[in-house]
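In what follows, a structure is listed as C-alpha cells, so that the remarks can point back to it.
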Amino acid sequence: MNKSKKFLLVTWDFTELSDYALQHAIKISRMIDTQIRLIHILSRKESPESEIAKQKKLQLIVEKNNEESDIDTSWVILRGNIFNEISEYASDNRAFMVIMGTHGIQGSQKVFGSWALKVIMGSKVPFLVIQDKPKDWEKYQNIVFPVDYRLENREKLKMAIFMGKYFDSRIHILKQDVSDRFLRKKLNITMNFAVKYLIQNNISYEIHEIMHDEHLGKKTMEFAADINADLIIIMVTRKFGPAIGVFEQYIIANSARIPVLCINPRSSFVRVGSFQFG
C-alpha cells in the first residue's frame, strides 16, 4: 500500500456488520480514489495464538477484496480498547474517514450511552456509522443536513459540499426555528453561509423548516425516512455525559438504518480556517 495516499479505515470485528462497512468503503473508494485499510482491536489479554489466527483471517479477507474490487486493501491489528485506539490510529495515520458498523443502542447503552458515540467523540477524523449494507445505486443521492443555531454547523458544511460534488447529491437542509431573537439571528447567519457556499459550489439543495418546539432528532429521522435518504450528516458534541450526545445517539441508532456521517468540531477534514461575519 502507498502510505502517502489517503485511505478509508474500516473497523473490523469479523461480523456481518464489518462486511457491510467494507461494502460502503468500496462504494466511496471507487468515487474518490482512496485505498482501504481494515483495523481490528485486540484486548490486552488476548493470546498470541488468537492474534496470529486473526492475522491470517484478515490477510485472506484483504486478498479477496483486492482481487474482487481492484482496490488496494490492507489490514492492521492493535491492542487496547476501541474507545481510544481507533480514533488515535485514524488521526496519527491521516485516514480520510473511518467507517464503522453499529447495531444501534441496546440494553445498558440506553442508560450509559452508545459505545459507537464514545468511539467517535473527540476524533479528528470523520466517522461514517452504518447499520446495513449500502443501497444498490452507487451515489449518496439524497443527503439530510439538520441545522440549528450553533455555529459548529458550519464545520460540517465542507463535508456536505465534498459529498455533493463527488456523488452528485442533493442536500436537504433541515432548519429548526428558535423563538429567541438572538438565537434566530445566529441561525439565519448560519443558513445564509450554508446557502451561499452551496450555490458557489453548484450543489443542489432544498430547505425544509422544523418548528422550534419539535424534536429535531425525531423530525430529522421522519424526514430522512420519507425521502428515502442515503445519508445524514451531523456534528457531534465535544464531551460525553448523561445529558450530552442525546441527539447524536438518536440519529446514529436510527431505526431506518440510514448511514450517518459524524463530524467532530475542528476535525482534520473540515479545518479550513475561521469563519468571519460582520
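Listed values, structure above:
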| read-out | value |
| --- | --- |
| Amide hydrogen neighbours beyond the local backbone of Asn142, cut-off 5 Å, H modeled | Arg170, Asp230, Leu231 |
| Entries of Lys45/Lys118; Lys133/Lys158; Lys139/Lys185; Lys156/Lys186; Lys158/Lys186; Lys56/Lys135 with Cα pairs more than 27 Å apart | Lys139/Lys185; Lys56/Lys135 |
| Paramagnetic label zone (point 7 Å from Cα along Cα-to-C-beta, His103; backbone N under 20 Å) in segment 117-133 | 117-120, 129-133 |
| Segment 117-190: chymotrypsin sites (Phe, Trp or Tyr not before Pro) falling in loop per DSSP and having at most 12 other Cβ within 10 Å | Trp137 |
| Theoretical FRET efficiency, 1/(1+(r/R0)^6), r = Cβ-Cβ of Asp92 and Lys5, R0 25 Å, to 0.05 | 0.95 |
| Point-to-point label distance, Asn228-Lys185, nm (Cα→Cβ direction, 7 Å offset) | 4.4 nm |
| Full-extension gain in nm, Asp213 to Lys64, via 0.36 nm per residue minus C-alpha separation | 48.5 nm |
| Computed [θ] at 222 nm, helices only, for the chain once each DSSP H run of length n ≥ 4 contributes -39500 (n - 2.57) | -12000 deg cm²/dmol |
| Value of relative contact order over segment 142-263, rounded to a whole percent, pairs C-alpha under 8 Å and six or more apart | 31 percent |
| Gyration tensor over alpha-carbon atoms, the chain, equivalent ellipsoid semi-axes in Å | 33, 21, 17 |
| D_trans [Stokes-Einstein, Kirkwood Rh over alpha-carbon pairs] for segment 142-263, 37 °C, 0.692 mPa s, µm² s⁻¹ | 225 µm²/s |
| At R0 = 25 Å, FRET efficiency that the Cβ-Cβ distance of Asp33 and Lys56 yields, to 0.05 | 0.30 |
| FRET efficiency for Phe14 and Val246, using Cβ-Cβ distance with R0 set to 35 Å, rounded to 0.05 | 0.65 |
| GNM top mover of Ser123, Ser87, Ser69 - the chain, alpha-carbon springs below 10 Å | Ser69 |
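Here, each number is a calculation from the coordinates, and none is a lab measurement. What you see is a predicted model, and the numbers here were worked out from it, not measured in a lab. Using ideal geometry, Cβ is built from the backbone for each residue, glycine included, and neighbour counts are taken over all protein chains shown.
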